[in-house]
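Only one structure is covered here, and it is reproduced in the block below.
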Amino acid sequence: DRQTLVAVLQFLRRSNLRESEEILRREARLLGDDLGGSVATVTTSSPGVAAVASVPPGKGEARVDCGVGPSSRREPREVGSPCAARSLGGSPWCWDTRVGFGGAVVVEDQPDVSAVLSAYNQQGDPTLYEEYYSGLKHFIECSLDCHRAELSQLFYPLFVHMYLELVYNQHESEAKSFFERFHGDQECYYQDDLRVLSSLTKKEHMKGNETMLDFRTSKFVLRISRDSYQLLKRHLQEKQNNQIWNIVQEHLYIDIFDGMPRSKQQIDAMVGSLAGEAKREANKAKVFFGLLKEPEFDVPLDDEDEEGENEEGKPKKKKPKKDNVGSKSKKQDPNAPPQNRIPLPELKDSDKLDKVMNMKEAARRVRLGPECLPSICFYTFLNAYQGLTAVDITDDSSMIVGGFADSTVRVWSVTPKKLRSVKTAADLSLIDKESDDVLERIMDEKTASELKILYGHSGPVYGTSFSPDRNYLLSCSEDGTVRLWSLQTFTCLVGYKGHNYPVWDTQFSPYGYYFVSGGHDRVARLWATDHYQPLRIFAGHLADVTCTRFHPNSNYIATGSADRTIRLWDVLNGNCVRIFTGHKGPIHSLAFSPNGRFLATGATDGRVLLWDIGHGLMVGELKGHTDTIYALRFSRDGEILASGSMDNTVCLWDAVKAFEDLETDDFTTATGHINLPENSQDLLLGTYMTKSTPVVHLHFTRRNLLLAAGAYSSQ
């Protein structure tokens, strides 16, 4: 009789009669042939007994504990070997128990898609679920402060999985009572998820619900110190609380670290996303966050400069130019990617001219700082009854575009120069192509106007982006397409169809040619203007991709999502190289610092979070807004960060101070213990209210004047 056999084996184990145990195992064929010390032996558990697979300590091995569900048996294998466990009944999951570095035990699964739901089959007495949960809750609340904060992270994932298990096994009244009793204990930032959960009351509801499918297939990640984990394990095994232990094993990924447990503040800063925190492994890959070398060419002084300057003035004029531009181009940034890591478009003559203009403007740029704040010029869209949904401003601040809910795209000139289209083909054939002012002659003066309206989308336009050379404009819409418009002819050149659902955001690469889009289908796509299919598809978010941004060196793309995480993707191979968690609501704005080292993110929780890309760590939190942050922008030299929100304010933050003296020692990097300074009020340099206009876009001109934009709302 199998159960008797197990009981005898357990007795022999307890009495330390190893040899007899090995012989009996061999006789009963419970084990393979190799019985070395490194074999993790798993005994079958009778209902209510947690089975312990132990590896004898010593020889640097870690103890591995696998609680096995009532009716399942596992074949043993060497720790760290490929997945050789065969499931003989019970759950259709394949365990892979590996000993990670520092002895951390990593338990991963490879779920079979058809079997995702049936993992909820093994279940205990439905009437005891409330007792199990409240028992654990009581235990955690009575444990020491240092462990309580860490173990409290278990409440939410266990609550969801226990509820889903009850619903799946059709114990509807028990599920309802369980939900009503404990849903009020969960953290406030899970309220939206709990609303979705409360609508799932029948087994049939679970099948079509994407959020819950994600919750079941992707393991909820908790980062817990070894001491707290041992405490939890001991408690569950003493209480023989198999139900909870099974959920911990099947559905949670516990990232164990050695060292001090984290404080409540440290944990609160990092949690809140749909699938828990990021695994520490997710942020270990090398990221080339440095800037690419600028091409070198001479900056001629144009005539008016020479006339306007006296003799002493000239050298003064040249010096700042050399500093600003020369220093950038001569030295190769050690953190920069190889120049040819991804193919970038060649510079055209017009691009070089534009760069020269840019350098001249840079020479006249205002140095910003706490003592010298930028002026802010606000573009208010009045009577925008069509509903303003997106704004962008060209790099040289000459044009502004609005995307509207009535599916139009409207482009304005904000300089005295009007917008003109190219002449018709018949008229162009009459032009002398050799003349010096041929570029002027091809423009049709009859078409000159301040505003051009572009028709083509069949739904609200949620994102717009000008190309760096100002020849093209991108727009993306609820109709699932991204359109490329010519700003020479003001017509649509291409419609890119790849997303099947609304596209929430699109952005050109800082070098042009490439662009990125993100949408409701939860993926971001990388495109090139001359390919009608995407070049890369970045999949991994568990909810809509709400905003997208290129890194200044164009080798990486950041995406923010409604799953409350930010991911950084490598354009070269499509890999996700960073996952940042900490926001408590969907992300709506992203901004890279001009030097490429830092990322600022804003969300519906009204907080701006600052991230160190190289180390993969959160380094700051800026609290000053009371509503969703839709716009973030660094000044041209990175001294000031501007944030714009639905609360009708623009805030200016001291970016230099926020990023100085960062503590990114090896311990912090290894454990993810972050100590956020409590000085976000010291960093706030100013808050500027509009009358009643939510801020949807911010832009620093080349001379560091801040432009802001939004539509006046009368309520």
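Here is how the numbers come out for the structure above:
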| quantity | calculated |
| --- | --- |
| Residue-normalised accessible area of the range 417-532, given per residue in Å² at a 1.4 Å probe | 48 Å² |
| Accessible area (Å², 1.4 Å probe, nearest 10) - ARG364 | 100 Å² |
| Net length gained if the chain between ASP436 and ALA448 were fully extended (0.36 nm per residue, minus Cα distance) | 2.2 nm |
| Inter-probe distance in nm under a simple model that places probes 7 Å from Cα toward Cβ, at SER486 and ARG234 | 7.6 nm |
| Dimensions in Å of the range 490-543 - Rg and Dmax from alpha carbons | 11.3, 37 |
| Heavy-atom surface of the range 556-597, accessible at 1.4 Å and reported per residue (Å²) | 21 Å² |
| For the range 125-262, accessible area per residue (1.4 Å probe, heavy atoms of protein chains only), Å² | 41 Å² |
| Accessible area of the range 525-626 belonging to carbon and sulfur atoms, whole % at 1.4 Å probe | 49 percent |
| Semi-axis lengths, Å, the range 125-262, gyration tensor of Cα atoms, sqrt of 5 times eigenvalues | 25, 16, 14 |
| Tail beyond 15 Å, pair distance distribution of the range 430-477 (Cα, percent) | 66 percent |
| Average projection area in nm² (convex hull over Cα atoms of the range 476-603, one quarter of hull surface) | 7.6 nm² |
| Zone residues, the range 415-439, relative to ASP349, backbone N less than 17 Å from point 7 Å out along Cα-to-Cβ | 432-439 |
| Modelled FRET efficiency - R0 56 Å, VAL356 with PHE11, Cβ distances, 0.05 increments | 0.05 |
| Inter-site label distance for GLN681 and ARG195 at 7 Å from Cα along Cβ, in nm | 3.2 nm |
| Cβ-Cβ FRET estimate between ASN383 and GLU27, R0 fixed at 56 Å, reported to 0.05 | 0.05 |
| Nearest-10 value in Å² for the accessible area of CYS547, using the 1.4 Å probe | 10 Å² |
| Convex hull of the range 320-443 built on C-alpha atoms - directionally averaged projected area, nm² | 13.7 nm² |
| Unsatisfied cross-links (Cα-Cα over 18 Å) in the set LYS176/LYS202; LYS360/LYS417; LYS279/LYS623; LYS423/LYS452; LYS264/LYS284 | LYS360/LYS417; LYS279/LYS623; LYS264/LYS284 |
| Accessible-area value, GLU27, 1.4 Å probe, nucleic acids and ligands omitted, Å² | 140 Å² |
| The range 125-262 - percent of accessible surface contributed by carbon and sulfur, probe 1.4 Å | 49 percent |
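The values are calculated or read from the model by the stated rules, or taken from the named source; none is laboratory data. None of the values given here were measured: they were computed from a predicted structure. Quick reminder, even Gly has a Cβ in these numbers, built from the backbone with ideal geometry, and neighbours come from all protein chains shown. Side chains are part of the model used for accessible areas, which takes the heavy atoms of the whole protein and leaves out ligands, DNA and RNA. Shrake-Rupley method; radii C 1.70, N 1.55, O 1.52, S 1.80 Å.
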